[in-house]
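The values are calculated or read from the model by the stated rules, or taken from the named source; none is laboratory data. Fair warning: this is a prediction, and the values are worked out from it, not measured in the lab. Heads up, the Cβs are rebuilt from the backbone with ideal geometry, glycines too, and the neighbour counts pull from every protein chain shown. All accessible areas refer to the heavy atoms of the entire protein, side chains included, with ligands and DNA or RNA removed. Shrake-Rupley method; radii C 1.70, N 1.55, O 1.52, S 1.80 Å.
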Amino acid sequence: MTWLNSEAFTVFDQHIKWSDMVGNTMGLFALALGWRRSIWTWPTQFLSGVILFVAFAAGHLSGSAGKQVVVMVVALWGWAKWTRGKRQAQDGSLAVRFATWRERGFLLGGAALGTLAVGALFTAFPTLSWDPWPDAYVFVGTVVAMYAQARGMVEFWFAWLLVDVVGVPLAFTNGYAFSGLVYVIYGALVLWGAHDWYQRSRTSAKPALEGAML
């Protein structure tokens, strides 16, 4: 596995690692599969998490590495949720919907409290992260986005946009240029995906995935 942390190439004085490139490329495919509501978005996201864990752990970015562990756990949970939801959809497709106001409050409140808690942890233990608060924001935002995706909520796309706002400069600052580039591409996919899920939410026969109730 040591080859994953070797340098793939250099461009504009940025050293691109194999693990950074392969892991984030798979993450990009996972997001595109999510746009198409394909069940394969989750195993692809899981494998991306495994590779990026190797990348960040080698770079001593414990916070980012820990995020990938959470990503892998949520990916397994989301896989199970979508599998059950797809079986129950009348036309065999995956139903998507807008969150209720209560659910939106839950997502926003969870994101705020989670960021405060994780940021405080990273600040108390500086070895966990070079940039405690931005890293905590991206960490928690990613989990919130995946949680909303697993429940079939259109809002998950907007959560990814908010993660991108901080994730792009954080990745470039910490030497993960390919991660930063992929976050930029994420932004374009998110806009297209949000539009597609919005249209689907208006025509879906079943408004929610099984298990979508809080």
Item to complete: Quickly run through the stretch 134-193 and pick out the residues that are closer than 20 Å to THR44 by Cβ, aromatic (Phe, Trp, Tyr) and open to solvent by 40 Å² or more (accessible area, probe 1.4 Å).
Response: TYR147, TRP192
Practice prompt. Could you tell me which of the residues PRO169, PRO134 is modelled with pLDDT under 85 and either more than 25 Å from ALA95 (Cβ to Cβ) or basic (Lys, Arg) (or both)?
Written response: PRO169
Item to complete: Would you point out the residue of the stretch 55-86, among those that are farther than 19 Å from THR127 by Cα, of a type in the set (A, V, I, L, M) and open to solvent by less than 10 Å² (accessible area, probe 1.4 Å), that is modelled with the highest pLDDT?
Response: ALA75
Item to complete: For the stretch 144-165, state whether one or more residues are over 20 Å from VAL74 (Cβ atoms), at pLDDT 75 or above and in a helix (DSSP H, G or I).
Response: yes
Worksheet entry | Condition check for ALA120: at negative phi, surrounded by 19 or more Cβ atoms within 10 Å (Cβ to Cβ) and of a type in the set (A, V, I, L, M) | no
Fill in: Condition check for GLY105: part of a helix (DSSP H, G or I), modelled with pLDDT of 85 or more and open to solvent by less than 20 Å² (accessible area, probe 1.4 Å)
no
Worksheet, complete the sentence: Flagged pairs (Cβ under 9 angstrom, 6 or more apart or on separate chains; first in the stretch 10-36, farther than 19 Å from GLY187 by Cβ and at pLDDT 80 or above; second open to solvent by less than 60 Å² (accessible area, probe 1.4 Å) and not aliphatic (A, V, I, L, M)) are VAL22/SER48
